[in-house]
Amino acid sequence: MALLGHCTLIELSYHADSAVRSSSEHPLAMIQAHRERAHVWNMLWTGYRPKVVHPNLYWLPMKKNDGLLAIAKQVVAINEGTYEWPAKPVVNPLEVALFGGISGRSMDVDEFELCSGLTVRRTFAHVMAPYLLAFDRPKSPHAPHPAPWKSAHGGIGFNVDVEVAVGSETRPTGLDRLNTIWWVLALLRLVSGTPVRMPVISDMPFSSIATAPHEPNLWTIEMSPRQLQLSRNPAPTITFAHLEWVRSVFIAAAPLLDEPAFNRAFQTLDSVTFAHSPGSALLMTWASIETLFRPGRVAIGKSLCSCVATFLQPAGSERDRLFTQAMELYEARGGAIHDSQSPELDQLINSYEIARLSVISCLERRATPNRTDLLDRWRRRT
């Protein structure tokens, strides 16, 4: 829906004979354009068709220098379902400034610079995706479905409260700029324990889109209607401490992504919150842990849990307690695989926390676990 201050009423009085209508020797329409002041008119679209106020009258926004004949042709094509809307120019997101919109949490600071040319700041936008139905095929490959269109119940929508801004020349790590935005998002998800997401990326700041003189390019990214909350005490906001931690590892730990095992483990864990069920989330979590620690093929459960406990805890009772807990959780993972058992919520949350802390520890140490060293320390209790 759009609101019009000034409108133009166009009367189309065209011949029904298609030969006459398509002939370049005859005008397509006899048009009377009446510009008048309207206090507020609602521009209602029904499947890309302008509102019909009379069989031959349409409300359309008019530009000062529009050719009336061209407009008439366009209106007739829209009415007949054959009009093909001009394609937007193809823009490579790797060649323009990028602004990633984060949904799910706000920030407790206005702006934070991660490095030169890369800033996280407050903003606002609302991404909405209503469900619409059409009931006829398009008349041509790129034309819209003919009217009528009907809305279905439901739909999805997200508030964008945080923006990750990457300058067009900024590339602080070996990642391209699109993946640079993902890296920031994934680190924020990891350290805060919150199910934040990035539903949309823009080529201009969200705060300037409403008044921009040209159309933005918007790419939808994480629009899944489902996302799991897997941390027991998720942070209510993205805090200054979270952002400082991201800054401390963002560049220094990025080379870990060049290691195939860590890269696979990290990306698997990052996608766990989008799993379609708790059982799938549990399997993905332990797949991430196994990929990170690579426990071998003999006595996998004991070897893996020994490595996890030694990696995360110093020698002593806390290490032993974590080993026992990890063994129990690994058995729950086996039940989900072999007996199709749905895990308890605590089993999923505790498993995710082990994986989250393991990845955080890797990033802070700038190194991945060494199985041989960890098993030796476990045996010597050092």
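Okay, here's what the table says:
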| item | result |
| --- | --- |
| Output for segment 282-310, where each listed residue is touching a residue at least 40 places away in the same chain (Cβ under 8 Å) and within 33 Å of the chain's Cα centre (by Cα) | L282, L283, T285, W286, S288, I289, L292, F293, R294, V308 |
| Selection from segment 124-168 of residues that are charged (D, E, K, R), in contact with a helix residue (DSSP H, G or I) (Cβ under 9 Å, 6 or more places away or on another chain) and either in a loop (DSSP other than H, G, I, E, B) or modelled with pLDDT under 90 (or both) | K139 |
| Qualifying positions in segment 153-179 - in contact with a strand residue (DSSP E or B) (Cβ under 6 Å, 6 or more places away or on another chain) and farther than 18 Å from V127 by Cβ | V166, T170, P172, R177 |
| Subset of segment 126-165 (residues that are touching a Pro at 6+ places or on another chain (Cβ under 9 Å) and under 30 Å from F240 (Cβ atoms)) | V127, G157, F158, V160, E163, A165 |
| Filtered residue count, segment 172-214, keeping only those that are farther than 18 Å from D161 by Cα, of a type in the set (A, V, I, L, M) and part of a loop (DSSP other than H, G, I, E, B) | 2 |
| Number of positions in segment 226-285 that are under 23 Å from Y330 (Cβ atoms), of a type in the set (D, E, K, R) and not in a loop (DSSP other than H, G, I, E, B) | 2 |
| Selection count where residues are surrounded by 12 or more Cβ atoms within 10 Å (Cβ to Cβ) and closer than 20 Å to S306 by Cα, scope segment 357-382 | 18 |
| Test: A235 is at pLDDT 95 or above and surrounded by fewer than 18 Cβ atoms within 10 Å (Cβ to Cβ) | no |
| Contacts under 9 angstrom Cβ, first residue in segment 197-226 being within 9 Å of F99 (Cβ to Cβ), partner of a type in the set (K, R) and crowded, with 16+ Cβ neighbours inside 10 Å, 6 or more apart | P205/R121 |
| Single unsatisfied condition, V90 versus (1) of a type in the set (A, V, I, L, M); (2) modelled with pLDDT under 85; (3) closer than 28 Å to G155 by Cα; (4) more than 22 Å from the chain's Cα centre (by Cα) | (4) |
| Counted residues, segment 298-356 - those being assigned to a loop (DSSP other than H, G, I, E, B) and crowded, with 21+ Cβ neighbours inside 10 Å | 1 |
| Of all residues making up segment 291-303, the number that are over 17 Å from D373 (Cβ atoms) and touching a helix residue (DSSP H, G or I) at 6+ places or on another chain (Cβ under 6 Å) | 2 |
| Test: Y131 is farther than 21 Å from M204 by Cα and within 19 Å of the chain's Cα centre (by Cα) | yes |
| Search result, residues across segment 102-146 that are of a type in the set (A, V, I, L, M) and in contact (Cβ under 8 Å) with a residue 40 or more places away in the chain | I102, M107, V109, L114, L118, V120, A125, V127, A129, A134, A143 |
| Enumeration of residues in segment 336-374 that are within 30 Å of the chain's Cα centre (by Cα), of a type in the set (D, E, K, R) and at pLDDT below 95 | E344, D346 |
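Condition check ((1) in the same structural domain as L363 (by TED's automatic domain parsing); (2) more than 18 Å from the chain's Cα centre (by Cα); (3) under 25 Å from I360 (Cβ atoms)) across all residues:
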residue	(1), (2), (3)
W182	no, no, yes
R197	no, no, yes
F206	no, no, no
H214	no, yes, no
T220	no, no, no
P225	no, no, no
L230	no, yes, yes
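Table: residues versus (1) surrounded by 15 or more Cβ atoms within 10 Å (Cβ to Cβ); (2) modelled with pLDDT of 95 or more.
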| residue | (1), (2) |
| --- | --- |
| S224 | no, no |
| T239 | yes, yes |
| V246 | yes, yes |
| V249 | yes, yes |
| P255 | no, yes |
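The values are calculated or read from the model by the stated rules, or taken from the named source; none is laboratory data. Just so you know, these numbers come straight off a predicted model, no measurement behind them. Reconstructed Cβ throughout: ideal geometry from the backbone, glycine too, with neighbour counts over all protein chains shown.
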